[in-house]
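What follows is calculated from the coordinates using simple rules that are stated; it is not laboratory data. What you are looking at is a predicted structure, and each value in this text was computed from that prediction instead of being measured. FYI the Cβ positions are ideal-geometry reconstructions off the backbone, even for glycines, and counts take in every protein chain you see.
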Amino acid sequence: MINPAKRRLTRIFAAVTLLFSVLILGLSYFVVHYSTIREMKRHMNEDIDKEFLHKFYNSGLEPFKDAWNERRFQILNRQGEVVISTSNSAEFYPTLNPEHLQKAFNGKRVFEEHNVLNEPYLISYFSIDGKYIGRAASSLAEAKKYESIFLKLILGTLPGVLLISFFISRYLVNQAMQQISDFFTFQETFSSNVTHELRSPLASLKGNLEVTLRKERGTDEYKDTLALGLKEVDRIINLLNNLNLLASSQSKPLELFTDAVDVRALIDELIRTYKPVLQSKKIHLNVIRNEKATCICDEGLIRRTIENLIDNAVKYTPEGGSIQLDMTSKSGNVLLTITNTCMVMNKDDLGHIFDPFYRGKNALSHNAEGKGLGLYISRYIMRSHGGDITLNNTDGNVFSITLSLPL
C-alpha cells in the first residue's frame, strides 16, 4: 500500500517541482528581456536629452539632417508629415501610429518594437518644443543575441532540472512517507501492546472473582479477593495513565500545571518512601545534595519522573549493591544523576532504553514488573519542561542516568 502511494506522490511532486522550475526559468527570461528593453530605453532617452534636445535649443533643427544617421532620425509635424529626415531613414519606418503621435505631442515618450529588414529595432517618439515630433530607432540585434544565448541556456538546463526535480521529489516523499509509516507502525505496536498489557490484569481480576464466586466464603476471603481486585484495578489505571501520556507524546504537547517546586525536598521525600525496600535488599544509598533548588514545573509530573528513575535503580540493583543520587546546579539547570550497580548491560539494550514498550534482557531475567514505558514517558515529561534525560557512559555493571531541569 505504501510503495504505490510513494510512486504516485513522487510523480506528482516531480511534475509540480518541474512546473514550478519552468515557471521560474520562464520568469527569469522575461525579466532579462524586460531589463534589456528598459536599459535600451534609458540609453535612448539619454541620447535624446543630451545629443539632440540640448543642441536643438541652441541651434535649431537644421544641423540634424545628417547628424543622426545611426538613429535613422526623422522630425514630423503635427500632421505626421516628415519635415527633416536622415538619408538612411527613407522607407525605413512602419506606418505611423496616430495614437503614438498624439501621445508624443502631449509630452509623453513612446516606444515600440519593430522588425525592419529582418532586424529588430526599438523606435522612440518624443516631443520637440511642443511643435514637432522626433522619431529615432536603435537596433536590438545585439540585445536579442544575448537573450537568445540566455534562452538556450534555459532550455539546456531543463533535463537537469527534470532530474533534480525527480530526486528532490523522491527524497521529500520518502521523508513524508517514512513519518506516515512510523505513525502506522506506532499505531499497530500501540494497539498490540495495549491489548496484551490489559489482558493480563483483567484476566487475573476475572479469575479471582470467578474462583471466589464458586462457593460461599468467609469475610476474610472476600476481603482478600477485593484487595487483589483493587490491586489489579490500580495496575490498570496506572497502565492507562501511561498509555494516555504515550499517545499524547505522538500528537500534542504535554499540558503542564506549573508552580514553584523545591526539588531537593521532593527528592528527600521520595528517598524516605524507598527506605524500607532499600533496607530489605541491603542496598547502600549515598545521597549528595546541594543547596535548596526551586524550579517552576509541574510537581506531579516531576515527582513521577524522579520516582520512576529511583524505582528503576532500586528494581535493577542486586541485593547488597549500591545507589548514588547526586544533585547539583549547573548552567541554570538542576542536574540529578542516579548511578546504580546492576548486571552487565547489553549494548543493544542501551540503544533502546528510551523506546516505548522495550524491555531489555536484564528486565526479563529479573522478572521485573513494568511495561517498558517508564523511561520513554519520563523523557517526554522532562523535554516538555525544557529539560531532558540522558544516558551517561555505562561501564560494566554500573548504570548511570542524568535528569536535567531548568531552574
Between the modelled labels at residue 343 and residue 231 (7 Å from Cα along Cα→Cβ) the distance in nm is 2.4 nm
For residue 323, other-chain or 5+-apart residues with amide H closer than 5 Å (H placed, Pro excluded) are 284, 285, 286
So for R0 = 22 Å, FRET eff. of residue 350-residue 388 from the Cβ-Cβ r, to 0.05, ends up at 0.85
Assertion target for 70, 216, ordered by fewest C-beta neighbours within 10 angstrom first, is 216, 70
Violations at 32 Å Cα threshold for listed pairs 103/152; 223/315; 206/315; 50/103; 292/347; 231/347 -> 103/152; 292/347; 231/347
Expected unfolding gain across residue 221-residue 46 under the 0.36 nm per residue rule, minus the alpha-carbon gap, is 52.0 nm
Between the alpha carbon centres of the stretch 111-127 and the stretch 291-351 the gap in Å comes to 83 Å
So residue 158 and residue 290, fully extended at 0.36 nm per residue minus their Cα-Cα distance, gain in nm 40.9 nm
Per the rule of 0.36 nm per residue minus the C-alpha distance, extending residue 31 to residue 269 adds in nm 78.5 nm
Quick calc, residue 172 & residue 277: beta-carbon distance into FRET formula, R0 35 Å, rounding 0.05, result 0.10
